[in-house]
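Participant: Have a look at this one.
Nothing in this text is a laboratory measurement; each read-out follows from the coordinates by a stated rule. A quick note: this is a predicted structure, and the numbers were derived from the prediction, not measured. A quick note on method: Cβ atoms are made from the backbone with ideal geometry, for glycine too, and the neighbour counts reach across all protein chains shown.
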Amino acid sequence: MKIGILGFGSVGQKLAKLFADAGHEVSIGLRNNADAQNNSAYRFGSFAEVAANVDALALAIPYKASLDALNNLASALEDKIIIDNTNPLNDDWSPLLLGQENSAGETIQAALPKSHVVKAFNTIFADVMQKEAHSRNGQNITAFIAGNNDEAKNTVMELAQAVGFSPLDTGDISSSRYLEAMAHLNIRIAVPLGGGTNAAFLYHQA
């Protein structure tokens with residue numbers, strides 16, 4: 001599968017390596033091509049160039065920036081999968097609350113009605129987005145997945161499993177409200193309370 005990633009920060013770099021190691025062709029969308037830093041492992045291009053030439057597009061830039069970028073890419077992303085890794089946060093990582101009747105995932109889906117938005121990986125810190133950190137006491141970290149289109153959701157679940165996570169279907173895109181709240185809790189424990197970012201959720205079915 002051809003997978004594009006918008007952004008090449010810590011999350012973008014980790015996702016790119018996971019996807020490439022699983023055999024996928026990875027392209028990185030950048031605002032400034034100088035950010036490629038002579039990295040030959042992936043293809044680099046503008047947001048528009050990458051969006052036009054992939055089967056799925058993962059968001060590894062902040063939520064507000066994602067909305068701005070996607071508004072200009074809607075036609076190129078028709079019928080494509082959007083892997084929404086975003087959380088509605090302020091610049092200081094504090095929650096940007098959207099209310100109990102909305103979420104970043106739903107807002108992105110509404111902005112791209114002809115695309116298939118799948119919430120995924122938003123509860124997982126970059127520090128544990130690597131194969132050697134995926135297992136906790138023999139159980140893989142859970143990747144919670146939500147989306148309206150079952151085929152797109154199944155594709156992302158298969159991708160999550162291929163890169164070492166344990167995928168869990170949480171229903172349609174409205175479940176983003178709960179997944180984003182989980183991410184806010186994770187951040188609260190990790191940063192203000194000092195728990196650190198080498199931690200993740202495990203959903204254990206007895």
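Participant: Pick out, from Ser40, Ser174, Leu6, the residue whose Cα sits farthest towards the positive end of the charge dipole of the chain, with +1 on the Cβ of Lys and Arg and -1 on the Cβ of Asp and Glu.
Facilitator: Checked the options; the winner is Ser40.
Participant: Express in nm, to one decimal, how much length is gained between Ala126 and Asn39 on full extension, taking 0.36 nm for each residue of separation and deducting their alpha carbon distance.
Facilitator: Fully extending the segment from Ala126 to Asn39 adds 29.4 nm.
Participant: With the cut-off at 1.5 for a/c, could you classify segment 125-206 from its C-alpha gyration tensor as rounded, prolate or oblate?
Facilitator: In terms of gyration-tensor shape, oblate.
Participant: Shifting gears a bit: Of the labelled options (1) 0.96; (2) 0.93; (3) 1.11, which one gives Rg/Rh (Cα atoms, Kirkwood Rh) as computed for this structure?
Facilitator: Only one listed value fits the structure, namely (2).
Participant: Tell me which of Ile108, Asn72, Val156 sits at the most positive position along the dipole axis of segment 2-190, charges placed on C-beta atoms (Lys, Arg +1; Asp, Glu -1).
Facilitator: Among Ile108, Asn72, Val156, the one farthest towards the positive end of the dipole of segment 2-190 is Val156.
Participant: Now, a different point. Roughly what % antiparallel, to the nearest 5, for the DSSP beta bridges in segment 111-206? Provide the component values of the computation, followed by the final result.
Facilitator: On the way: 4 of 8 bridges.
In segment 111-206, DSSP labels about 50 percent of beta bridges as antiparallel.
Participant: Straight-line reach from Lys114: which lysines have Cα under 17 Å away, leaving out those fewer than 8 places along the same chain?
Facilitator: Lys80, Lys153
Participant: Want the number for Glu78 to Asn198: 0.36 nm per residue separation, take away the alpha-carbon distance, what's left? It would help to have the intermediate numbers written out before the result.
Facilitator: On the way: separation 120, 0.36 × 120 = 43.20 nm, distance 3.61 nm.
In short, 39.6 nm is gained.
Participant: I've got another one for you. Once you charge only the Cβ atoms, +1 for Lys and Arg and -1 for Asp and Glu, what is the size of the charge dipole of the chain about its Cα centre, to the nearest 20 debye?
Facilitator: Here the size comes out at about 360 debye.
Participant: Given contacts defined as C-alpha pairs under 8 Å and at least six residues apart, what's the relative contact order of segment 2-190, whole-number percent?
Facilitator: Relative contact order, segment 2-190: 19 percent.
Participant: Then there's this: From the phi angles alone, apply the Karplus equation (6.51, -1.76, 1.60; θ = phi - 60°) to segment 167-172 and give each ³J(HN,Hα) in whole Hz, x where the residue is Gly or Pro.
Facilitator: x, 9, 6, 10, x, 6
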